[in-house]
Structures are given as structure tokens and as C-alpha cells.
1. What pairs come up if the first residue lies in the stretch 46-75 and is more than 16 Å from GLY105 (Cβ to Cβ), the second is part of a strand (DSSP E or B) and among the hydroxyl-bearing types (Ser, Thr, Tyr), and their beta carbons are under 9 Å apart, counting only those six or more places apart or on different chains?
2. Of the residues that make up the stretch 137-154, is at least one under 15 Å from ILE277 (Cα atoms) and in a helix (DSSP H, G or I)?
3. Say whether the condition of being modelled with pLDDT under 95, aliphatic (A, V, I, L, M) and either outside any loop (DSSP other than H, G, I, E, B) or out of contact with any strand residue (DSSP E or B) (no Cβ under 6 Å at 6 or more places or on another chain) (or both) is met by at least one residue in the stretch 254-264.
4. From the list LEU276, LEU267, exactly one residue is at pLDDT 95 or above and in contact with a helix residue (DSSP H, G or I) (Cβ under 9 Å, 6 or more places away or on another chain). Which is it?
5. It is to be established whether one or more residues within the stretch 132-145 are touching a residue at least 40 places away in the same chain (Cβ under 8 Å), out of contact with any strand residue (DSSP E or B) (no Cβ under 6 Å at 6 or more places or on another chain) and either of a type outside the set (A, V, I, L, M, F, W, C) or closer than 29 Å to VAL222 by Cβ (or both).
6. If ALA121 satisfies all but one of (1) in a helix (DSSP H, G or I); (2) surrounded by fewer than 19 Cβ atoms within 10 Å (Cβ to Cβ); (3) among the hydrophobic types (A, V, I, L, M, F, W, C); (4) touching a residue at least 24 places away in the same chain (Cβ under 8 Å), what's the number of the condition it fails?
7. Starting from residues that are assigned to a loop (DSSP other than H, G, I, E, B), among the hydroxyl-bearing types (Ser, Thr, Tyr) and out of contact with any helix residue (DSSP H, G or I) (no Cβ under 8 Å at 6 or more places or on another chain), keep the ones in the stretch 280-324 and report whichever is surrounded by the most Cβ atoms within 10 Å (Cβ to Cβ).
8. Can you tell me which of ALA164, ALA173, ALA201 is modelled with pLDDT of 95 or more, over 27 Å from GLY283 (Cα atoms) and in a loop (DSSP other than H, G, I, E, B)?
Amino acid sequence: MSRFLTAVFVLLFASLAAADTPTTAPSTQPTTKPLRLPSASELMKQFQAAAAAEDAKLKVAMIDLNDAVVEKPAAFSLFSSGGGLPLRSVIGRLHKARDDENVKGLLLTFGASTSFGLAQAQEIRDAVDAVRKAGKKVFVYSDTYDTATYTVASAATDICMLEAGEITMPGVALETMFYRGTMDKVGITPDFIQIGEFKGAEEPYTRTQPSDELRGELNKLVESIYTMSIDSIANARGLSRDTVRRAIDDTMVNGPEAKERGLVDHLLDQDGLRPLIEAQLGGEMKLVTRYGEKPREEIDWSNIFSVFKAMSRKPEATRGPTIALVY
């Protein structure tokens with residue numbers, strides 16, 4: 001109803017403004033033609049036509065990940081609004097886009113503040129892959145990509161990047177701290193009993209460098225992560241493993257070279273996303289920004305009752321079987 005009243009007011013205001021604006025040269029003879037305003041039925045038809053045109057647009061869900069992805073929400077604080085995107089929230093929004101019949105496509109964007117680990121990237125990538133397998137186009141855009149963001153992007157149907165951007169995948173490495181030298185300087189003698197050659201949990205305290213057994217285990221772990229990264233990207237993009245391995249060995253691949261190797265599909269800036277998506281979907285799109293994100297209620301800090309209300313808010317009632325997640 002409020003949308004209808006707003007539309008009526010805008011149309012009436014436009015009609016009055018048009019009536020006050022002369023459309024012909026000044027005349028010495030005043031016009032006697034009465035001002036005709038649109039009737040309520042005409043306004044309703046115009047409003048319905050505008051609503052129908054809006055509904056006819058293809059709905060594209062947009063999820064912006066220009067922030068750090070965290071494992072749990074930030075704790076409540078009177079002096080901070082908290083930071084980061086909870087991983088569960090990101091996955092939930094992707095699942096919602098997958099199941100929403102009105103959503104015809106997904107746009108996922110990264111920025112300079114994007115930050116998440118490889119394990120989180122693999123989980124987000126699986127959720128993006130589920131959207132694609134649901135028959136929906138998935139577009140991913142970033143000025144540049146690193147190992148984590150490109151791992152996610154590899155599950156998309158269309159990877160977009162700035163022509164002046166680059167893909168930087170330096171590979172996988174592990175570092176281990178050893179404290180024995182420092183402990184010797186302060187007179188601390190560690191006392192551990194090691195059972196078995198590969199039971200080296202105490203080595204950071206008893207040695208200044210890893211044993212051959214621990215070094216071998218760490219190398220196997222690195223090789224496993226490295227191989228898994230190559231396989232996941234190669235399978236998702238339909239590339240050979242040598243192509244992906246070469247991109248990692250080169251460390252940095254610029255935009256034109258990345259497109260030539262098949263690592264990205266489109267070189268463009270953010271202004272070129274809308275024409276690209278509409279061309280791929282075959283129609284005018286309606287971009288739903290902040291898709292699936294629950295609106296945060298603003299707190300009036302000048303009103304003590306508003307603060308009490310926010311702090312005493314009860315969770316929504318559940319419907320059916322529910323699993324509680326406690327951090």
C-alpha cells in the first residue's frame with residue numbers, strides 16, 4: 001500500500017510540474033484548457049505496469065565478500081559493531097540462492113579486504129559449486145585473485161577480472177616454531193618422553209629443528225594440500241593439471257595471460273558486469289544486493305529502552321527439527 005501511495009504522489013507531482021512548465025512559446029492569449037490529472041484507475045494501471053516490468057527482470061543475487069570470513073560472529077560490544085563475515089552466514093546465503101527459484105544467477109565479488117583461509121575457501125567453493133549444479137549462472141569478480149579467492153572462483157561458470165589485475169598463487173608452505181634455543185638461554189630444561197619415532201609433538205620444545213620423521217610428515221602434508229588444490233582447480237575449470245601447476249610455479253599471471261591460459265573468462269571492470277550478465281542470461285536483470293543478509297536493527301544509544309530491547313531480544317522461534325550451533 002505504501003508503495004502505491006508513493007507512486008501516486010510521484011505521478012501527481014510530475015503531472016503538476018509538467019503543467020507549470022511551458023511547452024510552447026509565450027502567447028498573448030491565455031489558455032483556457034483545463035488541467036487534466038490522471039485518474040486513480042489510470043494511476044493503478046501505470047503502477048501495475050511498472051511492477052510487472054520490474055518483476056519480469058531476471059533476479060541475480062549478489063554476495064559481496066569484501067571482508068574477513070570468520071568462524072564465529074563477533075561478541076556483543078557497546079563500543080564496536082563487530083567485524084567479519086561468519087562462515088555459516090556466507091554458506092547459508094549461498095544455499096538460499098541455490099534453492100530460490102526466483103534467482104537466475106549469482107554474482108560473488110571479492111575486494112581488498114577479503115580474507116579467509118584455504119579450508120574456508122574449499123567450503124565456500126563447494127557451496128558455490130552447488131549453486132552452479134542447480135542450473136544457475138555463477139559470476140565471480142575480483143580485481144586480483146590469490147590462492148584462496150581463486151579456489152572459490154574456480155567453481156563459477158564465469159570468472160571475471162580486471163584487465164590490469166593478476167592471479168597470484170605462490171603455492172603451499174608450512175612453518176614450525178622451535179623454542180629449545182630460547183629455553184636454553186633462560187635456563188629451562190624440557191622434560192618429555194617420546195614414544196615412537198613419529199610422535200613428535202614435543203619437538204618444538206626439545207629440538208632446534210625438526211627431526212627427519214617430522215620433516216617427512218610435514219612434507220607429506222604440504223604435498224597433499226598442494227595436490228588437492230591443483231586437482232580441484234583443474235577439475236572445476238576443465239584444465240590440465242600442468243596448466244594449473246604452471247600458474248602456481250609462475251607465482252603471478254597477468255590478466256591477458258590468465259585469459260589465454262583459460263584461468264579467467266572475462267577481462268573487464270565492474271561497470272562491464274551488468275552488460276555481461278544480461279547478455280549471458282538473455283534479458284534485463286535485477287541485481288539484489290546484500291542477498292540473504294539479515295538486516296541489522298539499529299540501536300538508538302540515546303534511548304536506554306532501545307538498548308535494553310536490543311540486549312533482551314529473544315531468538316526466533318524454530319519450526320520443526322533444529323540443530324543448535326553454540327560457539
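The values are calculated or read from the model by the stated rules, or taken from the named source; none is laboratory data. Since the structure is predicted, the reported quantities are computational estimates derived from the model, not experimental observations. Neighbour counts run over all protein chains shown; Cβ positions are idealised from the backbone, glycine included.
1. LEU65/THR109; ASN66/THR109; ASP67/SER115; ALA68/SER115; VAL69/SER115
2. No, the conditions are met nowhere in the stretch 137-154.
3. Checked the stretch 254-264: no residue is modelled with pLDDT under 95, aliphatic (A, V, I, L, M) and either outside any loop (DSSP other than H, G, I, E, B) or out of contact with any strand residue (DSSP E or B) (no Cβ under 6 Å at 6 or more places or on another chain) (or both).
4. Going through LEU276, LEU267 in turn, the sole match is LEU267.
5. Within the stretch 132-145 (the criterion being touching a residue at least 40 places away in the same chain (Cβ under 8 Å), out of contact with any strand residue (DSSP E or B) (no Cβ under 6 Å at 6 or more places or on another chain) and either of a type outside the set (A, V, I, L, M, F, W, C) or closer than 29 Å to VAL222 by Cβ (or both)), the answer is no, since none of the residues qualifies.
6. Condition not satisfied by ALA121: (2).
7. The qualifying residue surrounded by the most Cβ atoms within 10 Å (Cβ to Cβ) is THR289.
8. ALA164
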